[in-house]
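Right, one structure below, let's go through it.
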Amino acid sequence: MSEKYMIIDGIRTAFTDEKNILQVIRKAGIHVPTFCYYTDMSIYGACRMCVVEDERGSVIASCSTPPKHKMVIRTNTSKLHQHRKMILELLLASHCRDCTVCEKNGNCRLQMLAARFHLTKVRFPNTHPEPVIDDSSLSIVRDPSKCILCGDCVRMCNEVQHVGAIDFAHRGANMIVSPAFGRPIAETDCVNCGQCAAVCPTAAITIKKDLKGVWQALYAPNKRVVVQIAPAVRVAIGEEFGIAPGKNTIGKIYTALRMLGFDTVFDTSFSADLTVIEEANELLYKLENGEKKYPLGNSMPLFTSCCPAWVRFVETKYPELLPYVSTCKSPMEMFGAVLKEYYKPADEEAGLETVSVAVMPCVAKKYEAAREEFKRNEVPDVDYVITTKELILMIKELGVQFQEIEPSAPDMPFSINSGAGVIFGVTGGVMEAALRHVADKNNEALREIEYSGVRGLEGTKIAEIELGGNTLRVGIVNGLGNADALIKKLQRGEEKLDFVEVMACPYGCIGGAGQPFGYRSVKQDRAQGMYKADKSAIVKRSCENPTLINLYENGMLKDRAHELLHVHYGK
Amino acid sequence: MHGLKGEGNVNSQEIARLDDILQKHDYNATLLIAIMQDIQKVYHYLPEEALCYIARKLKISEAKIYGVATFYENFSLEPKGRYVIKICDGTACHVRKSVPILEEFRNTLGLSKEKTTTDDMLFTVETVSCLGACGLAPVCTVNDHVHPSMTPEKAKALIQELKEEAANEN
């Protein structure tokens, strides 16, 4: 059979297995506007912005119409132009128009499309209701008065994450997106992943900003402000400054943070190395003693614990699996504990107070930092968590030309990290790092792990690795819906695994809700950037990190590794 | 940790009642609306605790159940009185003067469009768009019992009658 094609705006465009006309149109290089269309979620067809006109003059939604051979459509006609403008006008008729003081200013899809269609007047009176803001969560802020009912957040929360904290409620003109019984979002099973905010086109759900406290600490004379930067931040932050996604800008980030006034800058990859060692040891212990020491024996695998949204998911949906979640703190919290301990003597001498800041791709980290388990004497180990987006705001506010500044190095004494610590930011990375630790210590083994199937952005991956004569069967999932499905499989006995890595956000931390907005291709570039950074790292295995060896053998971790690096949730 | 707010308020007797309803529908989540109708039949409304309980049993999110409960006009999340009076305000009843009847009910019971249930939880007054008994217009129902050809005077007498009935029962 010859090639199938469509005629789009007079241009012949071939198609194969595209599910809808929209994908074919995008292939033809035309970006039809949408509010509710994402390739990773089900098709909803709510916004009607993607409409096209067929030969007979019928207006159809391109997102929910499958392509047909020899189909002729137009994407830009007088009728469509009026139609789209009308939708925007109607949306704006009940929408707040104070763009200059909106959280989403500059990143709002409604604002962008209003500009793109050159909307200079709305013919209808403004019926925007008084906002009732829900800021009960530590991670997100809800303002339903700015909701356009595209349903992106609802589908993200239900389909992709299987959390179901929010859904549509009421009907017709009264319809809103709401948690059950109109409760505050913090009183639901919300896991704080923030993916709803990541896909929200307007400011109806935004990430919570914690910049005020950070600026205050930076301006205060008696504070030592230390900062750690998570692996995934370095491959995404540049996107807001005209740098290609995936380009490793960690050196520039150090420089920018110093210009902002941070006293010492560190890379969370260092403490990721700590996590690798602790978690790998826990795995080896469980493989040997699991049958006796764990409630369900080795029928359930050991799960990673770096992701706070995942931990909360287990707490709310599968509390019986909590003993199987690694007791290792996340790299951020490990570093938090180490830094506060490290500066304690010097602070006491100099009369300073250490304020610990973490720059994360993640909004659940804000919630993690505030958890009781991570406070010692009422003081959190990490005082402020700011996201990549917030750091971008700080850099822009200061006027730093990020794309032009020279890179610099992190501070001593935690300045060295392995490549294993860097790849923590992408799905499969924690697993690969841990396997490097437990596998044979030669380069052949490294390559074997790399090609075993741990890499790639698929939602669920299963891999097998030879380990000292035994075969280790591991699972890697990103997106909590995939984790949910895998757990159900494990519970039914259809799958048996030794070790499972879970990252709540699709594609891992590189796709975190604190990162700049990006479609799938951007996330692919970010993932490649992470592996490239690993490739250029001199030290590949966490256990070969010299600073770390020193810390374990002579430093603070000599006797206190368990106290500082492990946590027992729900106690 | 599980978000079953107010689980303590659901006693074992009520749990048994809910389990019966769920069992009748094979714990089938696609029969949610029928299950909710049965619950409303028992309580005259949908108690939050009951919805949270069935959410867990049916493995659907509380938010989804809340969405269904608020979508349909017939479901109520507010407790209703012992006597639910529905006054038809469809076209036929409306032209045959249903509004003065509605006003009579409201005035007698001290109710309004916003406040639909009396404080003693005896009466709830609401309007419906059509009861499908246009030949009997203007019509109202009390707990699904039809009262045809209503007048404001009949309304007043009906309230009195129901009050006495309630007093005798107690």
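For the reader, a short list of remarks on this structure follows.
- Remark: pairs (first residue in region A:110-122, farther than 14 Å from A:Thr100 by Cα; second residue of a type in the set (Phe, Trp, Tyr); Cβ separation under 9 Å; 6+ apart in sequence or on different chains) = A:Leu113/A:Phe35.
- Flag if B:Pro100 is buried (at least 17 other Cβ atoms within 10 Å of the Cβ), in contact with a helix residue (DSSP H, G or I) (Cβ under 6 Å, 6 or more places away or on another chain) and either in contact (Cβ under 8 Å) with a residue 60 or more places away in the chain or not assigned by TED's automatic domain parsing to the domain that holds B:Met36 (or both): no
- Among (1) buried (at least 24 other Cβ atoms within 10 Å of the Cβ); (2) within 13 Å of chain B (Cβ to nearest Cβ); (3) part of a loop (DSSP other than H, G, I, E, B) - the single one A:His162 does not satisfy: (1)
- Filter result for A:Val154 (of a type in the set (A, V, I, L, M), in a helix (DSSP H, G or I) and within 13 Å of chain B (Cβ to nearest Cβ)): yes
- Considering region A:389-433, and only residues there that are outside any helix (DSSP H, G or I) and of a type in the set (Phe, Trp, Tyr), the residue that is farthest from A:Ala346 (Cα to Cα) turns out to be A:Phe402.
- Among the residues of this structure, A:Arg436 does not count as one that is surrounded by fewer than 16 Cβ atoms within 10 Å (Cβ to Cβ) and not in a loop (DSSP other than H, G, I, E, B).
- Residues (within 14 Å of chain B (Cβ to nearest Cβ), surrounded by fewer than 23 Cβ atoms within 10 Å (Cβ to Cβ), of a type in the set (D, E, K, R) and touching a helix residue (DSSP H, G or I) at 6+ places or on another chain (Cβ under 8 Å)) located in region A:167-215: A:Arg171, A:Asp189
- Filter result for A:Ala272 (crowded, with 24+ Cβ neighbours inside 10 Å and among the hydrophobic types (A, V, I, L, M, F, W, C)): yes
- Yes/no for A:Gly481 being modelled with pLDDT of 95 or more and either part of a helix (DSSP H, G or I) or of a type in the set (Lys, Arg) (or both): yes
- Region A:308-325 residues that are on the phi < 0 side of the Ramachandran plot, paired with ones that are of a type in the set (Asp, Glu) and buried (at least 24 other Cβ atoms within 10 Å of the Cβ) (beta carbon under 6 Å, 6 or more apart): A:Pro308/A:Glu368
- Among the residues making up region A:314-326, those that are in contact with a helix residue (DSSP H, G or I) (Cβ under 9 Å, 6 or more places away or on another chain) and within 11 Å of chain B (Cβ to nearest Cβ) are A:Val314, A:Glu315, A:Lys317, A:Tyr318, A:Leu322.
- If you go through region A:88-109 and pick out every residue that is in contact (Cβ under 8 Å) with a residue 24 or more places away in the chain, farther than 12 Å from A:Ile148 by Cβ and either aromatic (Phe, Trp, Tyr) or surrounded by fewer than 16 Cβ atoms within 10 Å (Cβ to Cβ) (or both), you end up with 1.
- Within region B:116-133, the set of residues being assigned to a strand (DSSP E or B) and either closer than 15 Å to B:Asp144 by Cα or outside the structural domain of B:Ile159 (by TED's automatic domain parsing) (or both) comprises B:Phe123, B:Thr124, B:Val125, B:Glu126, B:Thr127, B:Val128.
- Within region A:341-353, one or more residues are touching a strand residue (DSSP E or B) at 6+ places or on another chain (Cβ under 7 Å), part of a helix (DSSP H, G or I), more than 14 Å from chain B (Cβ to nearest Cβ) and more than 21 Å from A:Leu283 (Cα to Cα).
- The residues on offer are B:Lys57, B:Lys41, B:Lys64, and the sole one that is over 30 Å from A:Met156 (Cβ atoms) and among the charged types (D, E, K, R) is B:Lys41.
- Note on region B:67-97: among residues that are in a loop (DSSP other than H, G, I, E, B) and in contact with a Lys or Arg (Cβ under 9 Å, 6 or more places away or on another chain), the one that is surrounded by the fewest Cβ atoms within 10 Å (Cβ to Cβ) is B:Glu73.
- Filter result (free of Cβ contacts under 8 Å to residues at least 24 places away in the same chain, of a type in the set (D, E, K, R) and within 12 Å of chain A (Cβ to nearest Cβ)) within region B:38-80: B:Lys64, B:Glu73
The values are calculated or read from the model by the stated rules, or taken from the named source; none is laboratory data. Since the model is a prediction, treat every value here as computed from it, not as a measurement. Cβ atoms come from the backbone with ideal geometry, glycine included; neighbour counts cover every protein chain shown.
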